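> Before anything else, here's the structure in question.
Read-outs: derived from the displayed coordinates by stated rules, not from any lab. What you see is a predicted model, and the numbers here were worked out from it, not measured in a lab. Counting neighbours? That spans all protein chains shown, and the Cβs are built from the backbone with ideal geometry, glycine included.
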Amino acid sequence: MNMQSKILITFSSENVRLAHRLYAQMVSMAPDKNFVQLASSDLDFKERNQVIPENITHLVVLCSHSSVKSIAVSLNIEGFLKKSPRTNILPIRVTCQNEAPNKNALPAALLTSMGENGRLKKAPTPSYICDLSGTDDSYIRAARRILQATGLKTPPPFSAVKTMFTAIAASLAVVFIGASYSLNKSAQEHKIEAQNANLFAQAVLSEMSKELPKNVRSEHIAKLGESALIALSSAPPNSLTDSELSRRAKLLHVIGNAHDQVGNPDKAITSFQLANTFTNELVQRHPSDSQVIFEHSQSAFWLGNAAYRKGDLKQAEKAFSAYKAYSAELAARDKTSIKYKVEVAYALVNYGIVKLESGDPKTALSDIQDALKILDIKTITSGFATYKDKAQFLGWEADAYLELGEFSEAKHSNQQQIEIFEKLIKEQPTNSLRKKYLANSLLKLSKIEIDNGNTTQALDRLYYASDMMKEVYENDPRNLRYRAIYVSVVQKIAEIKILNGNYITAKLLIDEARRFRANNDDNGANDIRYREAASMKLLSATTALKGNSPEHALAEVSSALLDIEMAKANGSNRENTLLKGKAHFLRGLALEQLGQYGEAMASWRSAATVLEGTKGKKRRNAKDLLSRCLWKLGYKEAAIALQKELIASSYKHPGFVAFWKQQQDSNNIISSISKGNKL
């Protein structure tokens, strides 16, 4: 195939995700990433005269039962056949998504042709070039078959690449690891292998990092890294030269980041720990070299970041503490360096975030505010820091204020953050990343508004964020961070609709969020994904309870509890106590509706046990839920004490207000106090 020619992939709207994944795989395997295009899946008969671009030489057709009925697929086939031979059509049979592989799924346009008399006649039935089952291997096989069918030379199978790396891993002794290995080969063979290893390492560090799509790149580097780690950990650090230690650490950072991207937190931490060992050896050798100390501080950052993402807060705090100390040392050595000054700000914020997660918001706020003082006009205009950094620092400041119960200050920090992001978007209206940050800020502020009883203001902010993120996500459907924020915003709107009694609208919104969540993370499960699913199911359970469907609510809650446990088992030890407490509370309400009062009391007791640890903290939502659990369990005075504490903090969440109004209207509060129920 001439690289001036191109391949077009046509597919039905139901097979969009498969097509995008196949496209990414093909781009990763071909020398020219512009050689393949995706056709539109939204054509209709008004566009019968659809013109296939002149340089398209081959048409890949994803054949499924939905493509048989797809107007877009038929029009693309017809348009292609007007200019190209039928033999250049490459059908692929879709065998996932409940497709039956034994049934014919070829579109009619592939089975007929136009006769000389202008009438349709039967055409030879084309053979599928391969099946697409949805597994990683099936995408690789399909991409390889397409490239072979079009005459383009394909790269060797990944297993061959991995074998090659294993074979040259020993030569990393010369290039990366050091000369301490004993190899039973000639010096000339050593030299050749070392050169090959060096070329390979360069490819890992540069070409692979630049050319492959992010998810494919990370998967490949992570697999290669598993072989590399064995070789890289074989020699003690004190046996290596300075250059070997430095190169080795850099390669391990690449491998660690790849493992982090594909959801292997333990392997990511192992890689970063090893890198940290090497940079520490360099610091021991050169304690007065600022660049060596700087590189070690970065190594500490990556280790802390991986530990934090896994949820290992103790290890994260230890690593970020080192990062903070080394950054402060560098800034003290060179008081004129803006670079080191800004590095101190980053270190303060990272350490502050861990302290916040560990239940020490006072220390967190102090460190974050010290970081904000550093990010003045001078440091930002220098180019070492940005207004985006300042806005993100303000977001963490707001979170610390919330934990301390200083809600007006938290709102003020969020508003400052939003102002910065809005200005940044005005400068670059099409910048999706900035829109993501703004939407997240609006979501956080809306939560404060809801807690203060301002649901109208909250809805305005959420609709703004929803419109923005839906457009951003639809323009880049492979970006899971965009999807996660959009889904969270929709869920929050649904929550307000439930509070306002609009249950049908809430149900439609939950279904919308679930539709978007259907695009799962191909790199595997992670705690964010499972918590997102659990939150959605609890909203659905709430609407079911409002509609007197306790059985449906119980099913949703049971599934949500499993998701919460999966979140803990897949890369995060951080337990979302509010979600788990809410799940048990809703389960109790469902059992109460079914008349199973003993089981309901047990569920509320479980919820109270989960939430009890929040009593000494300032999380108003958790205290609100705990007060309701205690009331249901009969500990009325304890419940009322929490209610009064929340009222004193200006907490006016509509659900909280409605619950206690219901108790007051039924005179439950007065009678319970007279009975003297205590915790």
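> About the Cα centre of the stretch 417-500, how large is the charge dipole given +1 on each Lys and Arg Cβ and -1 on each Asp and Glu Cβ? Please answer in debye to the nearest 20. Let's see the in-between values first.
Values: 14 positive and 11 negative charges, 56 e Å.
Roughly 260 debye for the stretch 417-500.
> Just check the stretch 290-380 against the gyration tensor rule for me: Cα atoms, a ≥ b ≥ c as the square roots of the eigenvalues, rounded for a/c under 1.5, and otherwise prolate or oblate depending on whether a/b exceeds b/c. Walk me through the intermediate numbers first.
Numbers: a/c = 2.42, a/b = 1.31, b/c = 1.85.
Since a/c reaches 1.5 but b/c is at least a/b, the shape of the stretch 290-380 is classed as oblate.
> Place a +1 charge on the Cβ of each Lys and Arg in the stretch 398-445 and a -1 charge on the Cβ of each Asp and Glu, then give the dipole magnitude about the Cα centre in debye, rounded to the nearest 20. Please list the in-between numbers first.
Numbers: 7 positive and 7 negative charges, 72 e Å.
Its charge dipole is roughly 340 debye.
> OK, next. As an exercise, use a Förster radius of 51 Å and the Cβ-Cβ distance of residue 334 and residue 476 to find the FRET efficiency, rounded to the nearest 0.05. All intermediate terms of the calculation are to be shown ahead of the outcome.
On the way: r = 41 Å, r/R0 = 0.80.
The computed FRET efficiency comes out at 0.80.
> How far apart, in nm, are the 7 Å Cα→Cβ label points at residue 644 and residue 464?
Roughly 3.9 nm, to one decimal.
> Taking amide H positions as placed in the peptide plane 1.01 Å from N, state which residues far from residue 123 in sequence (5 or more) or on other chains have amide H under 5 Å from it.
So residue 123 has HN proximity to 112, 113.
> Using a basic spin-label model with each label point 7 Å from the Cα along Cα→Cβ, how many nm lie between residue 112 and residue 362?
Spacing of the two 7 Å Cα→Cβ label points: 8.0 nm.
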